[in-house]
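What follows is one structure encoded as structure tokens, with my remarks underneath.
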Amino acid sequence: HHCRTAEDLVGICNKVFDKAVTEHGYAALYAKLCIELSARCPSFKVEKVLPNGEKIVRKAAFKTILLTKCEKEFEGKSKQTLSLMKKIEDATDPDIKDILTVKLKKRRQGNIRFIGELYKAKLMANRMERILHLCIQRLLRDIKNPSEEDIVCLEVLLVTVGKQLDVPKAQKFMNTYFKRITSMAVNPKLPMRLKFKCQDVIDMRKRNWAKKGERVIVRKPATVVRGVHGRPNGILSRPDPRPVALPRQVGNRYGSFGSAVAAAPKPTPQVVVKSAPVSAVKRSTIVKTSPEVPGTKKAVKKDVSFDLTPVNTQVKIEKDIVSLIDEYFGGGGKAARDEAALCITELKSPSSHWMVVKQAIVRSLEKKQRERKMALELLIWLFVTKKMITPDDFRKGLTSIYKELPTIRENHPVAGRLVNAMCPHFVKFKCITQEELAKLQQLSS
């Protein structure tokens, strides 16, 4: 009842956020409080005037204000962070400068942990998941000379929400992240303390995200004795109340970055004892077992569910292309560009290179200007320097984009304007002619 205006709503949000990022131990509690406040606090319509004089009306809700603050804090654009940075620059006393630097680092780590706890509390889960992946990609963009703060924040984030993010649909992203973390763990330039932090995160994933020293509990089921007519005569043995501790680290049959941990052993099934004569049992149900003799041939039925033979279907190739484009956006620079070219070569499917054109442009539409510039640089470099993409690939990729543009506009209203802004660069480097571009633009009109 104290929240009557948009200013009151922003004030409440600022108060809770400042408490959450400074009191790390209560981040989960503050995340639950935010869930309650987002349900109870009303939303308000706020009028904003753009630089060109145009007025727009936006809806201000507690959760949208909170997530915007989290993003600004991570990017270092919040008022408190900018104020601290200015104080550090102006400080002349080394002791005061160190105190302010530590305060800034703790604030950033607290924000990372709070973002993770908000995701675990399911506050706008879809948007939060995208923000978390962007945070990880930002923290892993420089694996050759990473900063200490980036590695510490990465460890805090993955310890908090690694288990929730490591799901089947995000396996490719997580595998890519951990390849980069493994590279940092063996980087000779890093101090041992930071290498150990990277290795701790890798080991935690191998333990199925169980913390060091944490044990998995498996209880034995009860064994029941049944009579001739199937009626239970009593309990032969009750469940053992003592927990069975599995080994802390289980081997991984799929490699370093496949399934997180081999499946835990299944509990012993219930043993049913019937007082029926042996003659009543069908002979067909009795299976004779004999020890295997080395060197003898034995027919083994192939398990189709574990057939890991790669199949280069169009769907799989397109998923691989999407994955390599996202990895390229997360890295940047010449090394990421060379790695993207190597991944495209390893696909061994020149007929699918038009998908590279399509996905590089489409995936950049939902991102910022930096990624759109990177997409242009990659495609022109692949065309001019590497000769991996042909004019036909550009025609086919752009045709597919312009045909699907009405659907893309539903999620990204300015998609058409962004695509039209990128295409003149392709004309300039003779990837496509002006006449062909004019015909393609008519497809979306």
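The values are calculated or read from the model by the stated rules, or taken from the named source; none is laboratory data. Only a predicted model underlies this, so the values are computations on that prediction, with no experimental measurement involved. Reconstructed Cβ throughout: ideal geometry from the backbone, glycine too, with neighbour counts over all protein chains shown. In case anyone asks, the SASA skips ligands and DNA or RNA and just uses the protein heavy atoms, side chains included. Shrake-Rupley method; radii C 1.70, N 1.55, O 1.52, S 1.80 Å.
Taking the stretch 135-154 as the region of interest, how many residues are over 13 Å from the mean Cα position of the chain (by Cα) and surrounded by fewer than 17 Cβ atoms within 10 Å (Cβ to Cβ)?
From the stretch 135-154, those over 13 Å from the mean Cα position of the chain (by Cα) are 141-153; that's our starting set.
Subsequent filtering for residues that are surrounded by fewer than 17 Cβ atoms within 10 Å (Cβ to Cβ) retains 141-142, 144-145, 147-149.
Count: 7.
Keeping to the stretch 370-388, report how many residues are assigned to a helix (DSSP H, G or I) and open to solvent by less than 60 Å² (accessible area, probe 1.4 Å).
Total satisfying the criteria: 11.
When the stretch 389-434 is examined, which residues are found to be among the hydroxyl-bearing types (Ser, Thr, Tyr) and open to solvent by 10 Å² or more (accessible area, probe 1.4 Å)?
If we filter the stretch 389-434 for residues that are among the hydroxyl-bearing types (Ser, Thr, Tyr), which is where we start, we get 390, 399-400, 402, 407, 433.
Selection gives THR390, THR399, SER400, THR407, THR433.
State all residues of the stretch 210-227 that are at pLDDT 50 or above and either part of a strand (DSSP E or B) or open to solvent by 20 Å² or more (accessible area, probe 1.4 Å) (or both); if no residue qualifies, say none. Full working, then the answer.
Step one: list which residues in the stretch 210-227 are at pLDDT 50 or above, which gives 210-217.
Passing the criteria: LYS211, LYS212, GLY213, GLU214, ARG215, VAL216, ILE217.
Can you tell me which residues in the stretch 155-188 are assigned to a loop (DSSP other than H, G, I, E, B) and buried (at least 19 other Cβ atoms within 10 Å of the Cβ)? It would help to see each step written out before you state the result.
Restricting attention to the stretch 155-188, the residues satisfying the condition of being assigned to a loop (DSSP other than H, G, I, E, B) are 166-167, 186-188.
Within the stretch 155-188, ASP166 is the sole residue that qualifies.
Hey, any hits in the stretch 96-118 for a residue that's out of contact with any Asp or Glu (no Cβ under 7 Å at 6 or more places or on another chain), more than 28 Å from VAL159 (Cα to Cα) and free of Cβ contacts under 8 Å to residues at least 40 places away in the same chain?
yes
Name the residues in the stretch 151-206 that are touching a Phe, Trp or Tyr at 6+ places or on another chain (Cβ under 6 Å) and among the polar types (S, T, N, Q), would you? Walk me through how you get there before you give the answer.
We begin by selecting, within the stretch 151-206, every residue touching a Phe, Trp or Tyr at 6+ places or on another chain (Cβ under 6 Å); these are 161-163, 175, 178.
Of everything in the stretch 151-206, just one residue is touching a Phe, Trp or Tyr at 6+ places or on another chain (Cβ under 6 Å) and among the polar types (S, T, N, Q), namely ASN175.
Checking the conditions here, which among LYS79, LYS48 is under 30 Å from LYS105 (Cα atoms) and either surrounded by fewer than 17 Cβ atoms within 10 Å (Cβ to Cβ) or in contact with a Cys (Cβ under 7 Å, 6 or more places away or on another chain) (or both)? Give the derivation first.
Working: LYS48 fails: under 30 Å from LYS105 (Cα atoms).
Only one candidate qualifies: LYS79.
I need the full set of residues from the stretch 113-148 which are in a helix (DSSP H, G or I), of a type in the set (A, V, I, L, M, F, W, C) and more than 24 Å from ASP18 (Cα to Cα), in order please.
none
Which ones in the stretch 1-37 are more than 15 Å from CYS70 (Cα to Cα), among the hydroxyl-bearing types (Ser, Thr, Tyr) and either open to solvent by 90 Å² or more (accessible area, probe 1.4 Å) or in contact with a helix residue (DSSP H, G or I) (Cβ under 6 Å, 6 or more places away or on another chain) (or both)?
TYR26
Within the stretch 334-357, can one find any residue that is among the charged types (D, E, K, R), under 29 Å from ILE181 (Cα atoms), outside any helix (DSSP H, G or I) and open to solvent by less than 80 Å² (accessible area, probe 1.4 Å)? So that I can check it myself, show each step before the final result.
As a first pass, look at the stretch 334-357 and keep what is among the charged types (D, E, K, R): 334, 337-339, 346, 348.
Next cut, under 29 Å from ILE181 (Cα atoms) only: 334, 337-339, 346, 348.
Among the residues that remain, those that are also outside any helix (DSSP H, G or I) are: 348.
Among the residues that remain, those that are also open to solvent by less than 80 Å² (accessible area, probe 1.4 Å) are: none.
Among the residues of the stretch 334-357, not one is among the charged types (D, E, K, R), under 29 Å from ILE181 (Cα atoms), outside any helix (DSSP H, G or I) and open to solvent by less than 80 Å² (accessible area, probe 1.4 Å), which makes the answer no.
Residues of the stretch 358-369 being part of a helix (DSSP H, G or I) and free of Cβ contacts under 8 Å to residues at least 12 places away in the same chain, which ones?
GLN369
So, of the residues in the stretch 120-129 that are among the charged types (D, E, K, R) and under 11 Å from LEU165 (Cβ atoms), which turns out to be least open to solvent (accessible area, probe 1.4 Å)? So that I can check it myself, show each step before the final result.
Pass one, the stretch 120-129, residues among the charged types (D, E, K, R): 120, 122, 127, 129.
With the extra rule that they be under 11 Å from LEU165 (Cβ atoms), the set shrinks to 120, 129.
On the way: LYS120: 89, GLU129: 31 Å².
This residue is GLU129.
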